[in-house]
Each structure stands twice: as C-alpha cells, then as structure tokens.
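The values are calculated or read from the model by the stated rules, or taken from the named source; none is laboratory data. These numbers come from a predicted model, not from an experiment. Methodologically, a virtual Cβ is constructed for each residue, glycine included, from the backbone with ideal geometry; neighbour enumeration extends over all protein chains shown.
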Amino acid sequence: MRILLKVSYDGSNYYGWQRQKGFVTVQEKLEEGLSALMGSRISVRGASRTDTGVHALAQGAVFEADTTIPIANIPYALNSFLPEDIVITGAREVDESFHPQYSVVDKTYEYLILNDEFRNPKLIKYTDFIRERLDIDKMREACRYFLGEHDFKAFCASGSTAKTTVRTIYSLTVDKRENIVCIKVTGSGFLYNMVRIIAGTLADVGKGKIQPCDIEGIIASRDRTKAGKTLAPNGLTLTEVHYE
C-alpha cells in the first residue's frame with residue numbers, strides 16, 4: 001500500500017526536510033515515527049526539500065507499508081510517535097505511479113515580513129524583519145512581471161542541481177495586514193531559494209531601490225547578482241501542494 005501524508009511542521013528546530021547525517025531533519029523524525037508505528041523500517045519521500053528553518057502546512061510525503069490500520073486513522077496514530085512540532089493532518093492511498101515530486105501540479109509558498117520599527121520576539125521564528133517602510137503598491141505592480149513561464153536563473157542560488165531553470169509562476173500577490181507583509185506565490189515548481197530571492201527582490205522594490213519595471217530586465221539577464229538578496233528562511237512556509 002502506498003500512502004500520501006499531509007505533513008505540517010515548524011521548521012525552527014530542524015536542519016531542513018531532507019535526511020542528513022549528523023543533523024536532525026523532519027524526514028528523519030517522520031521515518032522514525034513511521035517505523036515505530038508500523039514495526040518495520042519505513043522510508044519516506046517528500047514533495048519539497050525545504051531548507052533549514054523553513055516551515056510547512058502541507059508538505060506531501062509518501063511511504064509504502066503493509067498495515068491493517070485504517071488510512072483515516074493513520075494521522076492520529078502516527079502523531080503520537082512524532083514531536084509536537086511535526087503533525088500529520090491527512091492521509092490517503094495513492095497508486096503505484098504516484099510520485100510526491102513528479103506528480104505535483106503546483107505548489108504555493110507564503111513569505112512573511114514584519115515591516116515595523118522594532119522586532120517582535122513572538123514573531124522571530126516566522127517572519128523576516130525589515131524596518132524601512134515598504135511601498136506595497138509598487139511591490140504589487142512588480143508582481144505581474146514574474147507571471148508566466150520564464151528562465152528564473154537570476155532567482156536561483158548557487159548549488160542548485162536543477163536540470164533546467166525554466167519555471168512557471170501562476171500567481172504572485174502582496175498583501176499587508178497591520179505590520180505584516182505577506183508575499184504569496186503559486187508555481188509549477190521552484191528553484192533553490194527561488195521564493196526567498198523573489199521576496200528579497202520585491203522588498204527592494206518596496207524600498208525604492210529598484211522600480212517594478214526593472215524586474216523584466218532582471219529576469220532576462222539570468223544573472224543572480226541583479227536580483228535581490230535571499231531573505232531569511234524563517235519567513236517561508238510551504239502552504240499548499242496540489243497533485244494530478
């Protein structure tokens with residue numbers, strides 16, 4: 001039986017999703033919990049390799065096991081074997097052809113920025129902090145230049161193993177509630193640090209360092225040095241993963 005889990009986690013205490021020798025990761029904790037529940041060694045494959053400190057509300061993870069536990073009960077049973085900052089919120093059976101990465105239709109990420117005079121200790125784990133006043137209207141204007149299929153090499157950090165840097169962005173929005181700026185992006189897939197670089201570039205627009213129309217040239221340049229800085233990982237959350 002192949003089962004798809006919907007995984008939510010606070011990434012503050014983990015060295016990202018992917019299992020790495022010598023570091024505590026979300027995948028490691030999930031595999032340990034599943035192995036204890038099923039009574040045999042279980043491995044999982046995830047939909048996204050989130051970085052250190054990045055959070056998730058809807059990470060997809062697939063495992064295979066022979067079990068008599070009703071699928072609807074797996075989240076409740078498995079959660080008792082997991083740390084409090086990792087929670088399974090759904091489970092369903094999928095067929096043998098299903099792959100947690102290659103069967104993805106689109107993913108949605110949110111990036112949160114605290115735009116205020118002072119830091120808020122309660123929000124440190126979940127927002128980046130920018131003191132300069134951000135022009136939200138200009139940031140919204142810049143969003144349209146990212147939409148569609150483009151070569152996003154300028155928005156890819158070094159160390160990427162992607163075979164192509166072409167991606168499609170379906171939607172990109174910027175909203176502000178009180179002092180929290182939320183950048184929400186949905187796309188076919190994302191390059192290494194791509195969302196955090198997009199957020200950094202939009203922040204530069206908001207600060208007046210670049211103009212919205214400059215985004216078109218930055219994308220065309222395929223030059224990482226032309227785009228904004230990579231914002232901190234703690235502001236990023238994987239919020240949705242849609243499958244075929």
Q) How many residues, within segment 60-85, are farther than 25 Å from Glu244 by Cα, small (Gly, Ala, Ser) and outside any loop (DSSP other than H, G, I, E, B)? A) 1
Q) Does segment 101-121 contain at least one residue that is in contact with a Phe, Trp or Tyr (Cβ under 6 Å, 6 or more places away or on another chain), more than 19 Å from Gly206 (Cα to Cα), surrounded by 13 or more Cβ atoms within 10 Å (Cβ to Cβ) and of a type in the set (Ser, Thr, Tyr)? A) yes
**Q.** Subset of segment 182-230 that is hydroxyl-bearing (Ser, Thr, Tyr), out of contact with any Asp or Glu (no Cβ under 8 Å at 6 or more places or on another chain) and surrounded by 17 or more Cβ atoms within 10 Å (Cβ to Cβ) - its residue that is farthest from Thr52 (Cα to Cα)
**A.** Thr201
**Q.** Members of segment 231-244 that are of a type in the set (Asp, Glu) and surrounded by 13 or more Cβ atoms within 10 Å (Cβ to Cβ)
**A.** Glu240
Q. In the set Gln18, Gln27, Gln59, which member is free of Cβ contacts under 8 Å to residues at least 60 places away in the same chain, surrounded by 21 or more Cβ atoms within 10 Å (Cβ to Cβ) and under 22 Å from Ala162 (Cβ atoms)?
A. Gln27
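Test of understanding: among Gly46, Gly90, which residue is at pLDDT below 95, small (Gly, Ala, Ser), under 20 Å from the mean Cα position of the chain (by Cα) and closer than 30 Å to Val181 by Cα? First the steps, then the outcome.
Values: Gly90 fails: at pLDDT below 95.
The unique qualifying residue is Gly46.
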Q: Please tell me if Phe129 is surrounded by 19 or more Cβ atoms within 10 Å (Cβ to Cβ), under 27 Å from Cys213 (Cα atoms) and outside the structural domain of Val24 (by TED's automatic domain parsing).
A: no
Q.
Of everything in segment 15-39, what is touching a Leu at 6+ places or on another chain (Cβ under 8 Å) and of a type in the set (D, E, K, R)? Give them in sequence order.
A. Lys29
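Step by step: first the residues of segment 31-59, then only those that are touching a Pro at 6+ places or on another chain (Cβ under 7 Å) and assigned to a strand (DSSP E or B), then the one that is nearest to Thr186 (Cα to Cα). Which residue is that?
Filtering segment 31-59 down to residues touching a Pro at 6+ places or on another chain (Cβ under 7 Å) leaves 45-47, 51-54.
Next cut, assigned to a strand (DSSP E or B) only: 45-46.
On the way: Arg45: 22, Gly46: 18 Å.
Within segment 31-59, the match that is nearest to Thr186 (Cα to Cα) is Gly46.
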Q: Any chance you could count how many residues in segment 157-175 are over 17 Å from the mean Cα position of the chain (by Cα) and surrounded by 15 or more Cβ atoms within 10 Å (Cβ to Cβ)?
A: 1
